[in-house]
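Q: For reference, the structure I am asking about is given below.
The values are calculated or read from the model by the stated rules, or taken from the named source; none is laboratory data. This structure is a prediction, so every number in the text was calculated from the model and none was measured. No Cβ is skipped: glycine too gets one built from the backbone with ideal geometry, and neighbour counts run over all protein chains shown.
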Amino acid sequence: MSEETAAAAGTATGLETVALTKSFGGVRAVDEATVTFRDGRINALIGPNGSGKTTFFNCVTGMIKPDSGSVLFRGKEITGRAPHRIARGGIGRSFQLCRIFPRMTVLENLLVAVRTDGLRQLLARSRDAQAIERARGLLVRVGLDHLENAEAGAISYGQQKLLELAGVLMSDPDTIMLDEPAGGVNPSLIGRIGTLVRELNAEGKTFLIVEHNMEMVMSLSDHVVVFDRGRPIAEGPPSVVQEDPRVLEAYLGV
């Protein structure tokens, strides 16, 4: 992006929620959360365990239906849409626990990632030269090209995280939501994931990252939102958020 485009993107509203609420039994996992993230930036969503981050992700991406409130993407209401419609609209996501097909090859996992008509059509898709070319290009990018014929279940967990990210990229989403991309990953691959996020952001991709690795969050993010008990309690640049008394109280009880 040019500097002018990046500046404009950084101030534009991308993904936002208004009074988003989701309860399980008598517990409000997301409690009237009103949050705005920014187009063209690396946004982070952090908070103690149980603060509602993954439930928030699931409401935004249609995995679960919120009880009330709204989800807006670039000004358009997407609340309650089916996950595949949200994905087609430009939002891709990964999951806290990798969702891969362990008995398929690494390459096949990317080919099936862009199918809308089920696994039965995998072989037909595998004959699609354009899809194969794109998948192989993404494997080169994430550093897994040497493993394209390996079973996905046989590669390391960190490599599975990279494979899942490559699968998200197959549909070329505008906004990418990553749920704990560094969880269970060794430091060298954490560095690789961080580098990929920066490169993709420089190319125009917006990120929203849930992560417990504070070193990664504070070094990578432009904008941080902090959740506690299902609602945002602080937001801003990393240098400001990490000194906020409300954040220290939520995490450390001080």
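Q: Write out, first by first residue and then by second, each pair whose Cβ atoms fall under 6 Å of each other, whose residues are 6+ apart or on separate chains, and whose first residue, in the range 235-247, is assigned by TED's automatic domain parsing to the domain that holds Thr36 while the second is at pLDDT 90 or above and in a loop (DSSP other than H, G, I, E, B).
A: Within 6 Å, the pairs are Pro238/Ser221.
Q: Inspect all residues belonging to the range 19-32 and state whether any of them is within 24 Å of Arg198 (Cα to Cα) and modelled with pLDDT under 95.
A: No, that holds for no residue.
Q: Sticking with this one: Which residues, counting only those in the range 101-133, are at pLDDT 90 or above and either buried (at least 18 other Cβ atoms within 10 Å of the Cβ) or not in a helix (DSSP H, G or I) (or both)?
A: The answer is Phe101, Pro102, Arg103, Met104, Thr105, Val106, Leu107, Glu108, Asn109, Leu110.
Q: Just a yes or no: is a residue in the range 148-161 outside the structural domain of Asn58 (by TED's automatic domain parsing) and within 28 Å of Gly236 (Cα to Cα)?
A: Yes: one or more hits.
Q: Out of Ser171, Ser156, I need the residue that is out of contact with any helix residue (DSSP H, G or I) (no Cβ under 7 Å at 6 or more places or on another chain), polar (S, T, N, Q) and surrounded by fewer than 19 Cβ atoms within 10 Å (Cβ to Cβ). Which one?
A: Residue meeting the stated conditions: Ser156.
Q: List the number of the failed condition for Ile46; all other conditions in (1) at pLDDT below 85; (2) crowded, with 23+ Cβ neighbours inside 10 Å hold.
A: Of everything listed in (1) at pLDDT below 85; (2) crowded, with 23+ Cβ neighbours inside 10 Å, Ile46 misses just condition (1).
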